[in-house]
Every structure is written in C-alpha cells, then in structure tokens.
Amino acid sequence: MLHLLLNITWRCQLNCSYCWVRKHINKTPELTCAETRPFEDWVAALKRTPVGIVDLGGGEPLSVPWVLDYIRAFPDVRWGLSTNGLNVGKIDELMCFPLPQIISINLSYHPEAARQYEWYDKQWKHQVQGLLGAGYNVIPNLEDTGKNVERSQWAIDWLAAIGRHMVVSPLCGGRPELAHPQPLALTCEAGTAYMTIAPDGRAWPCLSSLNSYAWDETSIGNWLDDTIDLSNVPKPCNLWCVEWFSQYQNHEAGDFWGLKVHPVKGQNEK
C-alpha cells in the first residue's frame, strides 16, 4: 500500500538552523512561492488514492486551520503527525478529543527553541505527558547536529525515566552529497510504495529527490491534480539516498515507512 508524506504547508513558527526546509525549500523560490491548495483539493485526492499510511509534515502541519478536520474525514486511514507542538490549541484539541486513527505523533524537541523561549521545555514536557495520557503513541524526535544531543540531555533522561525514549535522527537536509550524483546506483519502491507531496500538490518519489539538485527533473507530477507520471522516477537512482545512507535503522519518528532500497546489480562493481 502507498505511504504518503503530505507537506501541507512550508510555514513554521521556528527557524531552526538545521531544518531541511530552511536549507533547501526556502532557498528555492519555485518551491517556496508555490500556491497552497485548499482543503477540498486534499480531501478529493485522498478519496481517490488507496493508501496505507499518511504522514502529515511540513513546515508545521498544525498551523493549517483544517488539518484536524482532514484527519477526521478519513477515520479508516492510518495517520502519522509530525509537529513542533507550538500550536497549543490544536495540541489541546487532540488531548481533549482523541483521534484513534493517528498511530504516531512525532513531537519534535528543538533545543534552539528552548534557548529562545523560557517556557518551551515546560510546554514540551506537558504535551508529551498529555498526549500519552490521551492514548497516543508519542515518539519524540531530535535532529542530531552534535550540539543538539548535548543540549537536549535533560529531555533524553526525562523520557527514559518515564519509560520512553528520544529518537535521535541523523541530519539529512542540506547535506553536500545532495548537490551532485553519487557513484552508487540504487533502486527502490519510491513512487509506487511512497510519495512526498508539496503544499501545491506537486509530487516526488521520495524526500531525497525533493531535497536534491535534481528536484525539478525528478518531480512525478501533481498528486492533487491526479497527474502522477512514474516515468520520471530515477531508475537506477544515483541520488544521495536518505533511506540507504542514513535512515535504514531509524523508522520510528515520521519516517516509519521504511523503503526497501538495494544497490543495482551489475552497475556498482569495479
């Protein structure tokens, strides 16, 4: 079944130095300035698409007014939600009116935000406890920039004390390897088992293709307009693959689909 990452907005209240949106999307006007599509378009697209999991990301998805209505409209779909927790009203709504179709909430921790706002740590901790109490599978996530882990040790220790753990994800956005082809030829199920979608509906076979130098040529059409063309999926693929080089052992926070990536036989031997 198809797994979708729907980036329904690129907007975010934070401006984290390590954010992949800041490092790539915000530096690409054609992506940043693309039209954000209305709620009705997203509903229509999902109605015609058989899916296994839909993960909502961005940007900050809870900043979109209709996001919880979207989840409610599809009670039989399994949803993942990646959020920074700063839209307090939406978090409170999730606590008060639980949505059982949400199978994972990636409540990310941002030490840069903690240094900027004195209330941040207390609020994040309260939200972890509140969402767990409401029955959600809360999976806190931290981007590994080196200093981030050191500055977040209190949160890592606190989670361990309550029987949870912090998922420390390798830094993937803005990597120099994404700027040019790689010597290793790979193949996977991207495009058929997984797609990532931008706020205007434009689609890519994977997050690596969107993040790469080849973001334009690897676009596979527009999911909202039902114009997907898999002929643009690189075969074989010489992009720097997040799944192969970085995330193959980390499928808990946000990226829990786990694409099966393999080197192409006969094209990598010296």
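Each value in this text was obtained by applying a stated rule to the coordinates, not by laboratory testing. Everything numeric in this text was worked out from a predicted model, so none of it was measured. Don't worry about glycine lacking a Cβ; one is built from the backbone with ideal geometry, like all the others, and counts go over all protein chains shown.
Using only the Cα atoms of segment 95-250, what semi-axes does the equivalent ellipsoid have when each is the square root of 5 times a gyration tensor eigenvalue? Give whole Å, largest first. Don't jump to the answer; show the numbers that get you there.
Details: eigenvalues 226, 81, 38 Å².
Each semi-axis is the square root of five times an eigenvalue, giving 34, 20, 14 Å.
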- Query: From the residues THR218, HIS180, ILE162, which one has its Cα farthest along the dipole of the chain in the positive direction, the dipole being from +1 and -1 charges on Cβ of Lys/Arg and Asp/Glu about the Cα centre?
  - Reply: ILE162
- Square roots of five times the C-alpha gyration tensor eigenvalues of the chain, ordered largest first and given in whole Å, equal 29, 23, 17
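Just how large is the dipole of segment 65-150 about the Cα centre, in debye to the nearest 20, putting +1 at every Lys and Arg Cβ and -1 at every Asp and Glu Cβ? Walk me through the numbers on the way to the answer.
Numbers: 7 positive and 10 negative charges, 25 e Å.
With only Lys, Arg, Asp and Glu charged at Cβ, the dipole is about 120 debye.
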- Query: Cβ under 12 Å from ILE228's Cβ, ILE228 left aside: what net charge do those residues give with Lys, Arg +1 and Asp, Glu -1?
  - Reply: -1
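So how strong a dipole does segment 1-125 carry about its Cα centre when Lys and Arg Cβ are +1 and Asp and Glu Cβ are -1, to the nearest 20 debye?
Details: 13 positive and 13 negative charges, 46 e Å.
Computed charge dipole of segment 1-125: roughly 220 debye.
Compare the peptides 65-74, 207-216, 155-164, 191-200 by average per-residue count of other Cβ atoms within 10 angstrom and give them in order, highest first.
Final packing ranking: 207-216, 191-200, 65-74, 155-164.
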- Query: Restricting the count to DSSP beta bridges whose residues both fall in the chain, what percent are antiparallel, rounded to a multiple of 5?
  - Reply: 20 percent
- Volume per residue (Å³) of the convex hull spanned by the alpha carbons of segment 15-64 is 113 Å³
- Item | Orphan Cys of the chain, criterion: no other Cys C-beta under 4.7 Å | CYS12, CYS33, CYS96, CYS172, CYS188, CYS206, CYS237, CYS241
- Item | Geometric extent, Cα atoms of segment 53-99 - Rg, Dmax (angstrom) | 10.1, 27
- Message: To the nearest 20 Debye, how big is the dipole of the chain about its Cα centre, given +1 on the beta carbon of each Lys and Arg and -1 on that of each Asp and Glu?
- Response: 400 debye
- Query: Can you give me the Cα centroid spacing of segment 188-226 and segment 111-165 in angstrom?
  - Reply: 31 Å
- Message: As I understand it, the value is the acute angle between the Cα axis of helix 120-133 and the longest principal axis of the Cα atoms of the chain; what does it come to in degrees, rounded to 10?
- Response: 90 degrees
- Could you work out, for segment 50-151, what percent of all Cα-Cα pairs fall into each 5 Å distance bin, beginning at 0 Å and stopping at the bin that holds the largest distance? 2, 12, 23, 26, 18, 10, 6, 2, 0
